[in-house]
């Protein structure tokens, strides 16, 4: 196992942080691998069934809290975060949040979560984490490592909070005083003994704006999320029909949901990405539902190439949009031409071969 002398180990961490900044990472920290204090909470969350149909969460069990079991030989974890707001995001404090919340007042427009409007973050972070690992190897020689970004049984937010990246907000996401929560997380498990970074204290206080704004009340208590009610889970992870009692609460959100982050006061400090990868793709922001629903499978695959949206597939995409179109019709569309376009678009897929899509279309057309 490679080692760093005690007197220069902190200096080496500083060097890693410099390399990471050069690769576009906003902050880098070091976490130790003793996550035993998180095991009880993870077990209780799984036992309550809050993971819904994400069976992979339960399949790996407590391995998430035991890095050395996931990657034998691991003794430290390098954590990183990367800001992702597009460069075009308005800079006036509060302006971009108001702009995003304003989309909810345009029911015929489909809302894609901000993080998903650019390139797939898995690809961006993974490639740069690998480059960081290669740079470390050039300095110290071969070493054991494995990079992750939302792609394995890893307690990402827990590791990030323990390594000084921020604190866990009441919505369970990581919050940073200088960057809010609009960033991605990544890790490199290493067999190098590195000095851990100091954690930061929480700064949510009595605020519960994220809890109050959640459309489906998925945040059942501070720090407790029932994923089965979360719109991000329902539109991305969940493969079957959307529960009837939640449909009307989802509005025109067709991929993910940012509401808890938009309401958070700390996101007035959210930072724009230094990379062009997360700039908005044409057609994924401000687009009409009827237009998006008209995409053929070939068009969907072409227009979402390299995007995280592609992971849900064309059928789930249609299901989500049909639900949003039904909500628009139920809420009353001001322009008769827009209403006619929605109905015509839905009727065009009334006989879709997928049962879930057909049912969602029928629901949308049923007043």
- Query: Using alpha-carbon positions, what is the distance between the centroids of the range 167-234 and the range 250-272, in Å?
  - Reply: 13
- Task: Using only Cα atoms, find the angle between the long axis of helix 355-365 and the longest principal axis of the chain, and express it within 0 to 90 degrees, rounded to the nearest 10.
- Result: 50
- In nanometres, what is the gap between the two model label sites at residue 54 and residue 92, each 7 Å from Cα along Cα-to-Cβ? 3.6
- Message: Between 219, 136, 78, where does the largest GNM mean-square fluctuation fall for the chain, given springs only between Cα atoms within less than 10 Å?
- Response: 136
- Message: Quick check on the chain: helices-only [θ] at 222 nm, where DSSP H runs of length 4 and up contribute -39,500 (n - 2.57) each and the sum goes over total residues. Nearest 500, please.
- Response: -10500 deg cm²/dmol
- Degrees between helix 336-347 axis and first principal axis of the chain (Cα, 0 to 90, nearest 10): 80
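With contacts defined as alpha carbon pairs under 8 Å and 6 or more residues apart, what's the relative contact order of the chain in percent? Please list the in-between numbers first.
On the way: 637 pairs, mean separation 84.2, N = 367.
About 23 percent, as a whole number.
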- Item | Cα principal axis extents for the chain, largest first, Å | 73, 43, 42
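Which of the peptides 119-130, 139-150 is most tightly packed, and how do the rest follow, judged by the mean count of other Cβ atoms within 10 Å per residue? Numbers along the way, then the final one.
Working: 119-130: 19.1, 139-150: 16.1.
Listed from highest to lowest mean packing, they are 119-130, 139-150.
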- Return the FRET efficiency for the residue pair residue 365, residue 311: r is the Cβ-Cβ distance, R0 is 30 Å, and the value is rounded to the nearest 0.05. 0.60
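Set the Förster distance to 41 Å, then compute FRET efficiency between residue 36 and residue 244 from the Cβ-Cβ distance, nearest 0.05. Before the final figure, lay out the partial values.
On the way: r = 41 Å, r/R0 = 1.00.
Efficiency for this residue pair is about 0.50.
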- Neighbour-count order for 193, 226, fewest beta carbons within 10 angstrom listed first: 193, 226
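On alpha carbon coordinates alone, what is the Rg over Rh value for the range 1-157, Rh being the Kirkwood radius? Mind dumping the intermediate values first?
On the way: Rg = 19.3 Å, Rh = 18.7 Å.
Answer for the range 1-157: 1.03.
Suppose we take every Cα in the range 88-221 and form the convex hull; what volume per residue is that in Å³? Walk me through the intermediate numbers first.
Working: hull volume 21.7 nm³, N = 134.
Measuring per residue, one finds 162 Å³ for the Cα hull of the range 88-221.
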- Query: If you look at just the Cα atoms of the range 308-367, how large are its Rg and its Dmax in Å?
  - Reply: 11.6, 34
- Item | Förster-model FRET efficiency, 22 Å R0, residue 18 and residue 269, C-beta, rounded to 0.05 | 0.45
- Full-extension gain in nm, residue 150 to residue 62, via 0.36 nm per residue minus C-alpha separation: 30.0 nm
- With labels modelled as points extended 7 Å from the Cα through the Cβ direction, what inter-label distance (nm, one decimal) is found for residue 212 paired with residue 46? 3.6
- Message: Springs between alpha-carbon pairs under 10 angstrom, Gaussian network model over the chain: which of 167, 45, 317 fluctuates most?
- Response: 45
- Query: Peptides 101-111, 179-189: what's the order by average Cβ count within 10 Å, highest mean first?
  - Reply: 179-189, 101-111
- Find how many whole Å separate the alpha carbon centroid of the range 117-144 from the alpha carbon centroid of the range 28-61. 25
- Query: How far apart, in nm, are two points set 7 Å out from the Cα along the Cα-to-Cβ line at residue 350 and at residue 334?
  - Reply: 2.9
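Sort 30, 220 by Cβ crowding within 10 Å, fewest neighbours at the top. Write out the running numbers ahead of the final one.
Details: 30 24, 220 14.
So the ranking, lowest neighbour count to highest, is 220, 30.
Throughout, read-outs are computed from the coordinates displayed, never taken from laboratory work. Just so it is clear, the structure is predicted and the values come from calculations on it, not from any experiment. All Cβ positions, even for glycine, are placed from backbone atoms using ideal geometry, and neighbour counts span all protein chains on display.
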